[in-house]
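Down below is the structure, laid out as structure tokens.
The values are calculated or read from the model by the stated rules, or taken from the named source; none is laboratory data. None of these values were measured; they are calculated from a predicted model. Every residue, glycine as well, gets a Cβ built from its backbone with ideal geometry; the counts of neighbours run over all protein chains shown. Side chains included, ligands, DNA and RNA excluded: accessible areas come from the protein's heavy atoms. Shrake-Rupley method; radii C 1.70, N 1.55, O 1.52, S 1.80 Å.
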Amino acid sequence: MGATEVELIRNILGGRRDLFADLIAPHLRPLSRMIQAAMGSHPDVEDVVQRTSLKAFTHLAQFRLEASFRTWLIRIGLNEVRQWRRKCGSSRIVALDLCTYTQLLATDEDDSPLVACERSQASVRLRAAVAWLPEKYRIVILLRDLEDLSISEVARRLGLTIPAVKTRHLRARQKIAKLLRPLSQSQPRGRARR
């Protein structure tokens, strides 16, 4: 953690609450991406980000400077997502807003509409597969593949051993591959699906 961040935290705890915006600003975008990846395109994403920010502000005195502020903030965010799931997201329905997903894709102008459509459908399927993962696997995928953290950084953030993170990452990828496998490949041979 940088010296500037430590100074900001000390000043905020010393009474300069107006500096909290300077402290949290560089971390809001990664926090929003992480929460959106965990929740999908649910309209409550922004509310969870705001609750996370408020909780970080009100509990800043409990921050122990052992990890980075971003790690602490993301852990609060993941806890807020868990609470949201308990309250509102207990069903396994994934909200798929095709407009949002197609805007996120960076398509080449030379691609045909068919290729763009297939790419959009693949993205939707991948996001849905990640959303179906059990939480312990989903978090590892999000940190490792979305946030592009190293195995050791993921282990540190989640309080796991490196072999445990490697195992969860491998199992998560296997589960995603199984969910994405075409229906024709997942049926037993010799039986026709009705």
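Odds and ends about this structure:
- Within segment 153-171, residues that are in contact (Cβ under 8 Å) with a residue 60 or more places away in the chain and of a type in the set (Gly, Ala, Ser) have Cβ atoms under 8 Å from residues that are assigned to a helix (DSSP H, G or I) and surrounded by 15 or more Cβ atoms within 10 Å (Cβ to Cβ) in no pair, counting only partners at least 6 apart in sequence or on another chain.
- Matching helices (runs of 4 or more DSSP H) fully within segment 1-93 where at least 3 residues are open to solvent by 90 Å² or more (accessible area, probe 1.4 Å) and free of Cβ contacts under 8 Å to residues at least 24 places away in the same chain: 3-13, 45-58
- Helices (runs of 4 or more DSSP H) fully within segment 137-194 counting 1 or more residues that are at pLDDT 90 or above and surrounded by fewer than 16 Cβ atoms within 10 Å (Cβ to Cβ): 151-158, 162-180
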